[in-house]
Amino acid sequence: MLVEFRVANFRSIREEQCLSFVASKDRSHEATHSLAMDKPGVARLLRSAVIYGANASGKSNLVIALMTMQHLVLNSTRLLEAQFREQYTPFLLDSDSRLAPTQFEITVVTADLRYQYGFSFDVERIHSEWLLVYETSKAQRWFEYHHNPQTLEKEWQPFSVYFKGEKKGQRELWKANTGERSLFLTQASQSNSQQLQPLFNWFANDLIIFPAQAPFNLMPTLQRLVDSKYKAWVLQLMNAADIHISDIRVEKKKGQGFEYKLQAGNASELLTVDGEMPVIEFGHQTTSGQKQWFDSRFESFGTLRLLGYAAPLLDAIENGNLIVVDEFDTSLHPLLTRYILRMLHTPLLSPKGAQMWMTTHDTSLLDPGFLRRDQVWFVEKKKDQSTELYGLMEFSPRKNEAIESGYLQGRYGAIPFLSEFLF
């Protein structure tokens, strides 16, 4: 489960910003909206967090920051130089920040341990990387290094006695094979480090991100529709949204797909690939009781978007994953947004602690009867045009405060300042 995420000097984010899923001492909705961890230093974690803010305030950049961190952890050992350089997008409106490293740090609980892992990098190299592991309340610093600009070498701290290679000298071999644009976590995990595998697997399997700009991917859901139990669950979800779909089928037909070819020093190429492409059809019941099939062209974008959420939602509920969705309310009715959050907040439905981090403009969720006060976050653009993230709890709101009304009136900031537009 996610404990907190920190980012500094990334896109519109200049100073370090922190999103925390650590529950406050607020007792409202405690049994449903939070989960007891029984871990030193982390008593309870929230099941969801909702971020509000004006357009272009930086909500999406927080999501993209986590996505960039995930991408580097999973792929740093095989990225081409040009691909690595593309990951570095610092705050450019300040002369110091534009050349300073970007820094990510994340704290997660997985495999019964708390991991605090981070790294910094710029356009040329990884500058530092560290991992602290908590079996008790005291941290074990398993590894850490920093780039020395004078010697142009990595200066490593001694490995912790708690961090062991499976064979003698294995840790030193992993260290020697970690290039200047590679992460030690990636190198060691891909070299079968048993101790680092749970953290690497969290990034690979337990973190699911839906950025707002990317095309919506239906494939994970379509691939699971062959399972009759899963298909029945999807249909139940769709009909809970009052969409009235009686059946879904997927057929493979010959067609053309597209893929990007990336090569250092050259522009990306869009290639056409021949093969079998999945075609999805939706069955609707006619007034005479017969079934009429429609392909996806005749369904709304909201229907397709909900279908795309189905597989990640089920995976999260089954396995306790974290789902991060930018602009979750796009094409979804507010009541449907509530319905999905309510699923994650129901312990019987989500016993393994599934979590959701979403950005949204749906102010109807700002209801003390629906969300805890510590689940609400705001993003605002400061005078220097950098992003600031802060929680509702900083305003010490009353338990029954009209939060939606207060937000729209500007009591908590994070709203656009509108002026008259004259032709």
Test: residue 81 is under 22 Å from the mean Cα position of the chain (by Cα), charged (D, E, K, R) and in the same structural domain as residue 185 (by TED's automatic domain parsing): no
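Taking the conditions exactly as written (surrounded by fewer than 22 Cβ atoms within 10 Å (Cβ to Cβ) and in contact with an Asp or Glu (Cβ under 6 Å, 6 or more places away or on another chain)), does residue 115 satisfy them or not?
So residue 115 fails the test.
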Matching residues in region 166-178 - criterion: being assigned to a loop (DSSP other than H, G, I, E, B) and buried (at least 18 other Cβ atoms within 10 Å of the Cβ): 178
Any pair with Cβ under 7 angstrom, 6 or more apart, that starts in region 1-20 at a residue that is free of Cβ contacts under 8 Å to residues at least 60 places away in the same chain and ends at one that is in a strand (DSSP E or B): none
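Identify, from the list 48, 97, 34, 20, the residue that is surrounded by 16 or more Cβ atoms within 10 Å (Cβ to Cβ), over 19 Å from residue 371 (Cβ atoms) and assigned by TED's automatic domain parsing to the domain that holds residue 347.
After ruling out the rest, the residue left standing is 97.
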Residues located in region 100-147, provided they are closer than 26 Å to residue 81 by Cβ and modelled with pLDDT under 95: none
Any hit, region 397-405, residues being within 19 Å of residue 325 (Cα to Cα) and not aliphatic (A, V, I, L, M): no
Among (1) part of a loop (DSSP other than H, G, I, E, B); (2) hydrophobic (A, V, I, L, M, F, W, C); (3) closer than 17 Å to residue 70 by Cβ, the one test that residue 243 misses: (3)
Only listed residue being more than 26 Å from the chain's Cα centre (by Cα), assigned by TED's automatic domain parsing to the domain that holds residue 135 and either among the hydrophobic types (A, V, I, L, M, F, W, C) or farther than 19 Å from residue 114 by Cα (or both), chosen from 170, 187: 170
Qualifying residue in region 145-161 (condition: surrounded by fewer than 15 Cβ atoms within 10 Å (Cβ to Cβ), in contact with a helix residue (DSSP H, G or I) (Cβ under 8 Å, 6 or more places away or on another chain) and not aliphatic (A, V, I, L, M)): no
Residues of region 374-402 satisfying the condition of being farther than 23 Å from residue 63 by Cβ and surrounded by 15 or more Cβ atoms within 10 Å (Cβ to Cβ): 395, 397, 401, 402
Conditions (1) surrounded by fewer than 18 Cβ atoms within 10 Å (Cβ to Cβ); (2) in the same structural domain as residue 81 (by TED's automatic domain parsing); (3) not in a helix (DSSP H, G or I): number failed by residue 226: (2)
Residue 295 vs. criteria among the acidic types (Asp, Glu), without any contact (Cβ under 8 Å) to a residue 60 or more places away in the chain, exposed (fewer than 14 other Cβ atoms within 10 Å of the Cβ) and closer than 22 Å to residue 35 by Cβ: no
Unique residue being touching a strand residue (DSSP E or B) at 6+ places or on another chain (Cβ under 6 Å) and not polar (S, T, N, Q) when the list is 43, 36: 36
Strands (runs of 3 or more DSSP E) fully within region 276-384 counting 2 or more residues that are at pLDDT 95 or above and among the hydrophobic types (A, V, I, L, M, F, W, C): 322-325, 355-359, 376-381
Residues within region 347-373 that are touching a residue at least 40 places away in the same chain (Cβ under 8 Å), among the charged types (D, E, K, R) and surrounded by fewer than 23 Cβ atoms within 10 Å (Cβ to Cβ), tallied: 1
In region 179-194, residue farthest from residue 133 (Cα to Cα) [restricted to those that are touching a residue at least 40 places away in the same chain (Cβ under 8 Å) and either buried (at least 18 other Cβ atoms within 10 Å of the Cβ) or in contact with a strand residue (DSSP E or B) (Cβ under 6 Å, 6 or more places away or on another chain) (or both)]: 181
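The values are calculated or read from the model by the stated rules, or taken from the named source; none is laboratory data. All values derive from a computational prediction rather than experimental measurement. Cβ sites come from the backbone with ideal geometry, for glycine too, and all protein chains shown count toward neighbours.
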